[in-house]
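First up is the structure itself, then whatever we jot down about it.
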Amino acid sequence: MHPDLKDVSLAAALHALADPVRLEIIARLVECPCLNASAACGQSTPKSTISNHLNVLRAAGLVETKVEGRERINRLRCMDFDARFPGLLAAVLANKG
């Protein structure tokens, strides 16, 4: 379910960070380290869209999801991701506009 970050390419990481909705999810996870899908993306976004965005973020090694009861809790793998791609996440978030 969660890739080993050594297997994640820079292209996959950049693709995940290029979408404004995914970037907003990352920004929310920076502010609040553990969020369910609705809180990560907002109530007005369809569940299938949220699920797709979280799948892309998970595949890029940015997000880890744990099942807690009926909820899936998402957390940012900031330290792991920064070890693989030093400074990338901070640079993207600083320039998200």
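The values are calculated or read from the model by the stated rules, or taken from the named source; none is laboratory data. A quick note: this is a predicted structure, and the numbers were derived from the prediction, not measured. Heads up, the Cβs are rebuilt from the backbone with ideal geometry, glycines too, and the neighbour counts pull from every protein chain shown. In case anyone asks, the SASA skips ligands and DNA or RNA and just uses the protein heavy atoms, side chains included. Shrake-Rupley method; radii C 1.70, N 1.55, O 1.52, S 1.80 Å.
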* Asked: Quick check: anything in segment 53-62 at negative phi and touching a Ser or Thr at 6+ places or on another chain (Cβ under 8 Å)?
  -> yes
* Asked: Just wondering, is there one or more residues in segment 32-51 that are among the basic types (Lys, Arg), at pLDDT below 90 and out of contact with any Phe, Trp or Tyr (no Cβ under 8 Å at 6 or more places or on another chain)?
  -> yes
* Asked: Ala40 passes all but one of (1) open to solvent by 70 Å² or more (accessible area, probe 1.4 Å); (2) within 11 Å of the chain's Cα centre (by Cα); which number fails?
  -> (1)
* To do: Quickly run through segment 1-30 and pick out the residues that are open to solvent by 30 Å² or more (accessible area, probe 1.4 Å), aliphatic (A, V, I, L, M) and outside any helix (DSSP H, G or I).
  => Met1
* Report yes if some residue within segment 46-53 is free of Cβ contacts under 8 Å to residues at least 12 places away in the same chain, part of a loop (DSSP other than H, G, I, E, B) and open to solvent by less than 60 Å² (accessible area, probe 1.4 Å); otherwise report no. => no
* Among the residues of segment 56-70, how many are more than 15 Å from Leu10 (Cβ to Cβ), touching a helix residue (DSSP H, G or I) at 6+ places or on another chain (Cβ under 8 Å) and of a type outside the set (A, V, I, L, M)? -> 2
* Asked: Can Pro33 be described as without any contact (Cβ under 8 Å) to a residue 60 or more places away in the chain, open to solvent by 30 Å² or more (accessible area, probe 1.4 Å) and under 13 Å from the mean Cα position of the chain (by Cα)?
  -> yes
